[in-house]
Each structure stands twice: as structure tokens, then as C-alpha cells.
Amino acid sequence: MRIVTGGIAQETNTFQWEPTTLADFQKGSSRIERGQQILDLAHTNLIYGGIVSEAQTQGIELIATTYGHAVPGGRVSREAFETMRDEILDGIRAALPVDGVILGIHGAMALEHNDDGEGPLITAVRELVGPDIPIVAPLDLHTNLSDEMMAETNAFIGYKEYPHIDMRETGQAAMQLLIRTIKGEVNPVMAHVRVPLIAPNQSMVTTWQSALKQVIDRAVEIESEPGVLSATVLGGFPFSDIPFAGVATIVVADGDKELAQHYANEMAQMCWNLREDFTIHPTPVADAVAEALAGEPGSVYVLADISDSGASGTAGDGTAILKGLLEANARSAAVAQIMDREAVTACIDAGVGATVTLTVGGKHDGLHGEPVEVTGMVRLIHEGRFPLGGLMGSGMRASRGKTVVLEINGPGGIELQLTELRGHPNDLNFFRAFGIEPTERRILVLKSAAHFRAAFEPIATKVIEVDAPGISSPKLDTFNHQSLRRPIYPLDKDFDWSP
Ligand SMILES: [Zn+2]
């Protein structure tokens with residue numbers, strides 16, 4: 001049995017003005033992996049960890065082409081998409097004949113010239129391999145599901161965890177389903193429903209009984225029903241101004257389309273009935289800082305800058321919480337992180353031990369707070385690469401470009417990380433790599449929507465989701481969506497719907 005694989009994975013925030021170029025796919029934590037480099041992902045918790053190890057376990061020949069994955073950001077440039085697409089197609093063409101295709105995609109990629117990134121890739125692969133070769137793909141929970149994606153794919157299986165600690169597991173499940181399909185043991189047919197609902201990331205978190213988690217729990221039950229091969233609830237990615245963004249359900253059944261549709265409808269109706277519970281109420285900055293400072297000695301408060309989440313393609317240079325810390329004269333606070341290339345350069349020029357006064361952040365798009373003036377001592381200059389651990393990053397390295405730790409208001413004051421690139425602090429090493437022990441700080445500021453929870457909930461006395469400005473804010477009615485289909489909740493409230 002010969003299975004070929006490749007893909008392009010990026011989550012697009014269309015409110016980010018800066019496009020994601022071919023160069024962006026090759027810097028920081030982003031990469032274009034080819035051939036053996038993809039197979040070497042076997043030991044990671046990424047989808048390819050599951051795909052490659054399952055192939056090895058079952059003795060299947062897996063031919064790896066090209067897999068480009070980028071940190072979330074703006075729309076992917078035509079050049080980047082077409083270059084990687086053509087490489088993948090060339091790789092598949094060279095591998096023919098094959099028995100099946102498994103794709104490494106995200107599900108919420110938009111292109112400069114097309115609202116859908118995955119659909120055109122899948123269509124091109126289908127045209128190449130013909131109608132009879134099964135195509136299967138795992139999907140991120142934040143997928144914005146398009147009709148074109150559904151049209152030419154035999155089966156999708158989505159993540160069930162957010163933070164996504166089950167990427168490897170989902171890749172493995174998709175690979176197992178593809179192998180069973182090739183062997184003729186099952187005949188996957190899919191049904192889906194798009195719900196007229198966009199939801200903030202925090203309402204999809206699975207470390208508590210969020211609205212989406214309640215439906216995911218039902219999906220797990222449905223998967224044990226006879227004839228059902230998989231059941232998926234997608235939270236969607238709301239920071240994408242495209243017609244098909246939002247919550248959707250997919251059920252894969254064994255040869256029985258009606259059965260698949262029945263359960264896809266049931267889960268979609270559940271999402272709709274819960275729509276009001278998808279609303280998130282973040283805490284004002286000053287209240288969050290005051291609560292943390294009033295905490296018991298030894299407590300650790302995570303102040304999540306959910307509106308400037310590095311994993312949601314934002315500016316990464318939001319200053320609202322830093323400003324709040326300064327105004328409250330906060331002590332024992334560590335900030336991961338503010339992207340500011342100019343400030344990093346100025347600190348490096350000044351050198352370790354120098355005291356500098358400079359403005360940081362707020363420079364990228366004016367949507368994440370004003371630049372803030374700070375005076376501090378340059379405590380550390382780091383090249384910015386470090387290993388990840390924990391449930392999400394095991395076996396991986398992160399890179400945010402050159403990184404500086406600025407110590408504001410003396411020892412025990414505010415430790416501000418300045419970086420050249422956006423990051424998403426989902427791991428304790430985002431502090432430890434820079435000599436900061438997160439369990440010994442009263443306040444940890446994290447530019448993260450929810451992925452931080454896997455590593456930080458266990459050490460946090462309390463997590464506070466902070467209301468700061470930014471293009472991953474949970475206040476979805478403050479965005480200027482123009483292309484999104486209407487009516488859609490919560491932008492429109494006075495309408496009824498059923499699947
Ligand atoms: Zn996701």
C-alpha cells in the first residue's frame with residue numbers, strides 16, 4: 001500500500017493587513033518541510049506525529065512531498081500558495097500510482113486572491129489523482145469549512161481538544177480511516193452543516209464545560225453509534241471576513257449518508273440552541289491587574305491578552321496590559337511578549353546592563369493599543385530559539401527571533417520580553433528559556449487566546465481573560481465583517497434557524 005502526503009497549514013486572520021509570504025513560511029517557528037523532514041515529525045505531537053507513526057506501525061509506504069506550516073497571520077500570498085501547491089502536486093505526480101492521499105492542512109487558510117485556501121488545494125489534488133483515490137485529512141478545530149473543501153474529500157476528522165493536545169491522535173485517526181478505506185473495510189461518506197454562528201475562541205476551550213465542549217461531548221457519544229466512523233464539531237475561526245466562517249459539524253458514516261446527515265443536524269441544532277452561551281465577558285485591564293496584585297502571597301495570576309493572541313494572527317505588539325501594570329506600579333510581573341523589532345535593536349545596541357528609555361509596541365496597526373514609553377535595564381539578549389515541552393510542544397523548538405528581557409522598576413518589578421517575531425506562549429519555556437521562573441511570579445501576561453491553558457492552568461491560581469483591544473477580541477460585534485454570510489449570530493440576533 002502506498003500513501004502520499006503533503007499540505008499547507010496556516011490560520012488566516014483577514015483583519016491582519018500584512019500578508020503571509022513565502023519568506024514568512026521559512027522564518028521563526030514556521031517551516032517548509034520536505035520528504036524526510038516530514039517523516040522526522042514522527043516523534044512530535046503534531047498531526048504528522050500520528051500520521052507517520054501509524055504508517056510505520058502498519059508497515060505502509062508513506063511518500064512525503066512538501067508540508068508548509070506558518071504561524072497564524074494575514075492572508076497567504078498567491079506566490080506562497082502556488083509555489084507550495086505546485087511542489088506538492090509534483091511530488092504526488094512523481095509518486096503515482098498511489099492508493100490514497102492524506103493531507104496536512106489547517107482548515108482556516110485564506111489567500112490573497114481567494115477566501116478559501118484548502119478548497120483549491122484539495123481540488124487540484126483530486127484532479128491529479130482522479131475520482132477513485134481516497135483523500136482524507138485531519139482538521140483543526142478552528143476550521144472555516146467551505147463547500148469546495150467538502151466536495152472532493154472522502155473524510156475529515158477534526159480535533160476535539162482546545163488547547164489542541166490531540167493533534168497527534170487526530171492525525172493517527174485520519175490515517176487509520178484512510179487505510180481501512182483503501183483496504184475496502186469501510187466506505188466513508190460525509191455530511192456537514194454550517195451553523196449561522198461565529199464564536200469567540202474562549203467559548204471553544206475544552207479544559208472547562210464551554211459551549212462547544214458540550215457539543216463535542218455529544219460528538220464522542222455519536223462516534224460509538226453503529227455505522228458512524230467519526231463526528232466533528234468545528235468552532236471555526238471568527239477573525240476571518242469570509243462567507244463561510246463559523247461553527248460547523250461533520251459526520252463521517254460507513255456508506256450511509258442519511259445517518260451522517262442525521263447526526264450532523266443533531267449537533268448543529270445543539271450549537272444553535274446554545275448560541276447565547278458562546279458569548280464571552282472579558283475583565284477590564286485595571287480590574288484584572290488589581291485583583292492579581294491583591295492575591296495571596298505565592299499566588300500566580302495569568303492575565304491572558306486574548307485579543308492579541310499570537311496564535312490568532314494578531315499584531316503581537318499590544319500594550320494595554322503593560323500600560324495597566326505600569327499604572328498600577330505592579331511588582332513581580334512577567335510579560336510574554338511584545339513584538340517590536342526596533343526596540344529589540346535599540347536594546348541590543350545599548351548592550352546588557354544598560355538602562356534604556358524607549359517606546360514599545362503599538363506600532364504594527366494601531367489596533368492593539370498605543371506605543372508605551374518604558375525605562376528599564378537590558379537584562380538579557382537571546383537569539384530566541386528554545387525547546388518546547390509540555391503537552392503541545394513536545395519534540396519541537398520555538399523561535400521568535402532575537403529576544404530581549406527588559407527589567408522595569410528594578411529587580412522584582414516588571415520583566416518585559418521584547419521580540420522580533422510574533423509568538424504564542426503556550427509553554428512554560430516561554431519564560432524559563434529567558435531565566436524567568438513562572439511559578440514564582442505574581443502576574444504572567446500571555447498573548448494567547450487559550451493554548452496557554454495546557455501548560456499554565458496547572459501552575460495558575462487563577463486565569464483572567466482580559467479585555468484589551470485587538471483583532472482576536474471576543475467582542476465579535478466590534479469587527480467590521482463585510483463578506484460574512486448573514487444573518488449570523490451574534491451580529492444578528494433576531495432570526496430563527498434549524499438545520
Ligand atoms: Zn486551532
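The values are calculated or read from the model by the stated rules, or taken from the named source; none is laboratory data. All values reported here derive from a predicted model rather than from experimental measurement. So basically every Cβ, Gly included, is an ideal-geometry build from the backbone, and we count neighbours across all protein chains shown. Side chains are part of the model used for accessible areas, which takes the heavy atoms of the whole protein and leaves out ligands, DNA and RNA. Shrake-Rupley method; radii C 1.70, N 1.55, O 1.52, S 1.80 Å.
Checking the structure you have, find out if any residue of segment 175-198 is within 16 Å of the ligand (Cβ to nearest atom), in contact with a strand residue (DSSP E or B) (Cβ under 6 Å, 6 or more places away or on another chain) and closer than 26 Å to Arg275 by Cα.
Residues of segment 175-198 within 16 Å of the ligand (Cβ to nearest atom): 198.
Going one step further and asking which of them are in contact with a strand residue (DSSP E or B) (Cβ under 6 Å, 6 or more places away or on another chain), we end up with none.
The answer is no, given that none of the residues of segment 175-198 is within 16 Å of the ligand (Cβ to nearest atom), in contact with a strand residue (DSSP E or B) (Cβ under 6 Å, 6 or more places away or on another chain) and closer than 26 Å to Arg275 by Cα.
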Exercise. State whether one or more residues within segment 381-388 are open to solvent by 10 Å² or more (accessible area, probe 1.4 Å), touching a residue at least 60 places away in the same chain (Cβ under 8 Å) and not small (Gly, Ala, Ser).
Key: no
Practice problem: Sort out which residues of segment 147-170 are closer than 16 Å to Ser230 by Cα and part of a loop (DSSP other than H, G, I, E, B), and write them in order of number. | Solution: Thr153, Asn154, Tyr159, Lys160, Glu161, Asp166
Self-check item: Subset of segment 129-144 [open to solvent by 10 Å² or more (accessible area, probe 1.4 Å) and β-branched (Val, Ile, Thr)]
Solution: Val129, Ile133
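Under the condition of being open to solvent by 10 Å² or more (accessible area, probe 1.4 Å) and either assigned to a strand (DSSP E or B) or modelled with pLDDT of 95 or more (or both), which residue from segment 389-400 is nearest to Gln337 (Cα to Cα)? First the steps, then the outcome.
The first filter runs over segment 389-400 and keeps only residues open to solvent by 10 Å² or more (accessible area, probe 1.4 Å), leaving 389-392, 394-397, 399.
From the residues that got through so far, the ones that are either assigned to a strand (DSSP E or B) or modelled with pLDDT of 95 or more (or both) too are 397, 399.
Working: Arg397: 17, Ser399: 13 Å.
The qualifying residue nearest to Gln337 (Cα to Cα) is Ser399.
Among the residues of segment 151-164, write down those that are among the aromatic types (Phe, Trp, Tyr), open to solvent by less than 10 Å² (accessible area, probe 1.4 Å) and within 14 Å of the ligand (Cβ to nearest atom).
So the first thing to find is which residues in segment 151-164 are among the aromatic types (Phe, Trp, Tyr), and the list is 156, 159, 162.
Those left that are additionally open to solvent by less than 10 Å² (accessible area, probe 1.4 Å): 156, 162.
Selection gives Tyr162 alone.
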Quiz item: Can you list the helices (runs of 4 or more DSSP H) found entirely within segment 30-126 that contain at least 3 residues being of a type in the set (Lys, Arg) and either open to solvent by 10 Å² or more (accessible area, probe 1.4 Å) or modelled with pLDDT of 95 or more (or both)?
Solution: 78-95
Quiz item: Can you name the residue in segment 110-150 that is within 16 Å of the ligand (Cβ to nearest atom) and over 20 Å from Ala174 (Cα atoms) and, of all such residues, is farthest from the chain's Cα centre (by Cα)?
Solution: Gly117
Exercise. Please verify whether segment 251-268 includes one or more residues that are under 30 Å from Arg441 (Cβ atoms) and in contact with a Phe, Trp or Tyr (Cβ under 6 Å, 6 or more places away or on another chain).
Key: no
Quiz prompt | Some residue of segment 16-27 being assigned to a loop (DSSP other than H, G, I, E, B), of a type in the set (Phe, Trp, Tyr) and within 25 Å of Ala398 (Cα to Cα) | solution = yes
Exercise. Can you tell me which residue within segment 346-364, out of those that are in contact (Cβ under 8 Å) with a residue 24 or more places away in the chain and open to solvent by 40 Å² or more (accessible area, probe 1.4 Å), is nearest to Gly413 (Cα to Cα)?
Key: Gly353
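For Ala449, state whether it is within 16 Å of the ligand (Cβ to nearest atom) and of a type in the set (A, V, I, L, M, F, W, C). Show your work before the answer.
Details: within 16 Å of the ligand (Cβ to nearest atom): yes; of a type in the set (A, V, I, L, M, F, W, C): yes.
Considered against the rule, which asks whether it is within 16 Å of the ligand (Cβ to nearest atom) and of a type in the set (A, V, I, L, M, F, W, C), Ala449 comes out as yes.
Pick from His424, His481, His451: which is of a type outside the set (A, V, I, L, M, F, W, C), assigned to a loop (DSSP other than H, G, I, E, B), crowded, with 24+ Cβ neighbours inside 10 Å and out of contact with any Gly (no Cβ under 8 Å at 6 or more places or on another chain)?
On the way: His424 fails: out of contact with any Gly (no Cβ under 8 Å at 6 or more places or on another chain); His481 fails: crowded, with 24+ Cβ neighbours inside 10 Å.
Checking each option against the conditions leaves just His451.
Report yes if Met167 is under 22 Å from Ala42 (Cβ atoms), in contact with a Leu (Cβ under 6 Å, 6 or more places away or on another chain) and within 16 Å of the ligand (Cβ to nearest atom), otherwise no. Let's see the steps before the verdict.
Numbers: under 22 Å from Ala42 (Cβ atoms): yes; in contact with a Leu (Cβ under 6 Å, 6 or more places away or on another chain): yes; within 16 Å of the ligand (Cβ to nearest atom): yes.
Considered against the rule, which asks whether it is under 22 Å from Ala42 (Cβ atoms), in contact with a Leu (Cβ under 6 Å, 6 or more places away or on another chain) and within 16 Å of the ligand (Cβ to nearest atom), Met167 comes out as yes.
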Exercise. Determine if segment 205-221 includes at least one residue that is within 14 Å of the ligand (Cβ to nearest atom), open to solvent by 10 Å² or more (accessible area, probe 1.4 Å) and without any contact (Cβ under 8 Å) to a residue 24 or more places away in the chain.
Key: no
